[in-house]
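Visitor: First the structure, then my questions, so here it is.
Please treat every number below as a calculation from the coordinates, not as lab data. As the structure is a computational prediction, the values presented were derived from the model and not from experiment. Cβ atoms come from the backbone with ideal geometry, glycine included; neighbour counts cover every protein chain shown.
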Amino acid sequence: MRYGDHGKDVLALQKRLSGLGYWLGEPDGSFGSLTQQAVFALQKAAGISRDGVVGPQTKKALAAGVRPRNQLSGNGIEIDLDRQLLMVVRGGRVSMVLNTSTGSGEEYTSSAGNPAIATTPRGSFAVQRQVDGQDDSKLGVLWRPKYFYRGWAVHGSPSIPPYPASHGCARVSNSAMNMIWSRGLMPIGSRVLVR
């Protein structure tokens, strides 16, 4: 199964992914971009090829119920830079998993006009400020960002490839960011562990 497919097999896939905590919105039998994002997340958690296609290895990971492990205790957001996953942690357990794209490691020109390397800082942080809407910056457009360290944020974007591609923020789909806001998953002061 792949992007663009429809039918009962896709619906079964979506229900299985949702049951494992890979967020894709409401299962509807249509393999769209949110289902592809959930498949990317499963593939990353399983350590297999990140192609967004449900082939033999991905089916095996689904059947095995592969889920990522967290290090954060209590409640918060955990970002695994090696696997490129964003996890919502509640009560010390992963409750939801999202595909994310973080710092690419490429050189770019900072907003101050200086050369910089696109990295996502590791550490324990807290959400400091937020913008409920589009936040235009010199480096691009951020949808409903939740800033956790200086100019670094978790934010929505129309482009979340299955590999590191940002200037340093943790990108998720615009739909996922809307869900984070609507469910109150990252209020001001909430913990963000980046590892």
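Visitor: Which residue, chosen from S101, P121, P187, occupies the Cα position most advanced towards the positive end of the dipole of segment 76-194, where the dipole is computed from +1 (Lys, Arg) and -1 (Asp, Glu) charges on Cβ about the Cα centre?
Guide: Farthest along the dipole direction, towards plus: P187.
Visitor: Still on this structure, I have one more. Show me the chymotrypsin sites (Phe, Trp or Tyr not before Pro) within segment 1-82 that DSSP assigns to loop and that have at most 15 other Cβ atoms within 10 Å of their Cβ.
Guide: Y3
Visitor: Given a cut-off of 20 Å, what percent of all Cα-Cα pairs of the chain lie beyond it?
Guide: The calculated P(r) of the chain puts 53 percent of pairs beyond 20 Å.
Visitor: Moving on. In nm, what is the difference between 0.36 nm times the number of residues separating Q128 and V53 and their Cα-Cα distance?
Guide: Result: 23.3 nm gained on full extension.
Visitor: Is there a quick way to get the dipole size of segment 55-170? I mean about its Cα centre, with the Cβ of Lys and Arg at +1 and of Asp and Glu at -1; what is the value in debye to the nearest 20?
Guide: With Lys and Arg at +1 and Asp and Glu at -1, about 540 debye.
Visitor: So for the chain, if I pair up every lysine 8 or more residues apart or on another chain, how many of those pairs have alpha-carbons under 16 Å apart?
Guide: 5
Visitor: Here's something else I'd like to know. Which value results when the Cα radius of gyration for segment 8-64 is divided by 2.2 N^0.38 Å?
Guide: Rg over 2.2 N^0.38 Å, computed on Cα atoms: 0.97.
Visitor: Follow-up. If amide H atoms are built 1.01 Å from N in the plane of the peptide, which residues on other chains or at least 5 residues away come under 5 Å of the amide H of S101?
Guide: Result for S101 returns R171.
Visitor: Testing the spin-label approximation: label points 7 Å from Cα along Cα→Cβ at R195 and R90. State their distance in nm.
Guide: 2.1 nm
Visitor: Averaging over every viewing direction, what projected area does the convex hull of the Cα atoms of segment 106-195 cover, in nm²?
Guide: The orientation-averaged projected area of the Cα hull of segment 106-195 comes to 5.7 nm².
Visitor: For segment 43-124, what is the relative contact order in percent, using Cα pairs closer than 8 Å and at least 6 residues apart in sequence?
Guide: Over segment 43-124, the number comes to 18 percent.
Visitor: I need the phi-derived Karplus couplings for segment 74-86: 6.51 cos²θ - 1.76 cosθ + 1.60, θ = phi - 60°, integer Hz, Gly and Pro marked x.
Guide: So the Karplus estimates, Gly and Pro as x, are x, 10, x, 10, 10, 10, 9, 5, 5, 8, 6, 10, 10 Hz.
Visitor: Projected onto the charge dipole of segment 8-64 (+1 at Lys/Arg Cβ, -1 at Asp/Glu Cβ, origin at the Cα centre), which of Q37, P56, L24 gives the Cα projection farthest towards the positive end?
Guide: Farthest towards the positive end: P56.
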